[in-house]
Amino acid sequence: MPDHKDVRAILVRAARAEARRDGSRTIEAEHVLLAVAALEDSAAGRLLAEAGLTEDAIRAALNREWEQSLAVAGIAVQTGLLSEATPDRARDPQIGESTKLVLRRGMDAPPKIGAGGFGPMRILVGLLDTERGRVARALQAAGVDHATLRARAAAALAAGTR
C-alpha cells in the first residue's frame with residue numbers, strides 16, 4: 001500500500017498502476033479515484049467507503065458510465081462480455097489532463113496548502129470539485145450524492161484532515 005502521506009505515491013505509483021491495468025496511456029481522474037479508494041487506512045479512503053465507493057464499486061460504476069456514454073452514441077456494449085485490457089508493464093502512463101485539473105482544483109481548495117501539504121483528502125476534494133467528466137458520471141451511475149460527498153470531504157479538509 002502506498003504511503004498516503006505523499007501525493008507522489010498516490011499519483012506516480014498507485015494511479016499509474018491503475019492506468020496500466022486499464023491499458024491507458026495517461027493517468028486520468030478515474031485512476032486517481034481508484035488509487036485514493038485503495039487507501040483504506042486514510043480518512044479519504046474511509047469517506048469513499050462510507051459512501052459505498054470501494055474499489056470494486058468504483059470499477060463497476062466506471063463500467064456502467066462507459067456503457068451509458070456509448071449508448072448515447074447508439075453503441076450497445078456490455079463491459080462484462082468484453083475481454084479485459086492487457087496491462088503493458090513497459091508502458092509509463094503520463095499525467096493526463098483530467099488529473100492536472102484534479103490537482104489544480106485540490107490546490108485551490110480552502111484552506112490553502114501549508115505545512116500539512118497535499119494529502120489524499122485534498123486530492124479527493126479536487127476529484128469531487130466538478131459536476132462534469134467521467135468521475136462525476138460514474139458517481140451518478142453509482143447512485144452517490146455527489147454534493148453531499150463533496151461537502152463532507154471539504155469539511156474534513158477544512159478541519160485539517162490530510
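Taken together, the values in this text are just the output of simple stated rules run on the coordinates, not laboratory data. Keep in mind it's a predicted model, so treat the numbers as computed, not measured. No Cβ is skipped: glycine too gets one built from the backbone with ideal geometry, and neighbour counts run over all protein chains shown.
Overall, the anisotropy analysis places segment 12-130 in the prolate class: the square-rooted eigenvalues a ≥ b ≥ c of its C-alpha gyration tensor yield a/c not less than 1.5, with a/b exceeding b/c. Taking the Cα centre of segment 51-149 as origin and assigning +1 to Lys and Arg Cβ atoms and -1 to Asp and Glu Cβ atoms, the resulting dipole is close to 300 debye.
For the chain, the longest principal axis of the Cα atoms and the long axis of helix 97-108 meet at an angle of about 20 degrees. Rounded to whole numbers, the Karplus 3J(HN,Hα) couplings from phi for segment 123-133 are 5, 4, 4, x, 5, 8, 7, 8, 10, 10, x Hz, using 6.51 cos²θ - 1.76 cosθ + 1.60 with θ = phi - 60°, and x at Gly and Pro.
Mind checking which of Pro110, Gly126, Thr86 is farthest towards the positive end of the chain's charge dipole, using Cβ charges of +1 (Lys, Arg) and -1 (Asp, Glu) about the Cα centre? Positive-end residue among those listed: Pro110. Taking amide hydrogens as placed 1.01 Å from N in the peptide plane, the amide H of Ile95 sits under 5 Å from those of Ile27, each at least 5 positions away in sequence or on another chain.
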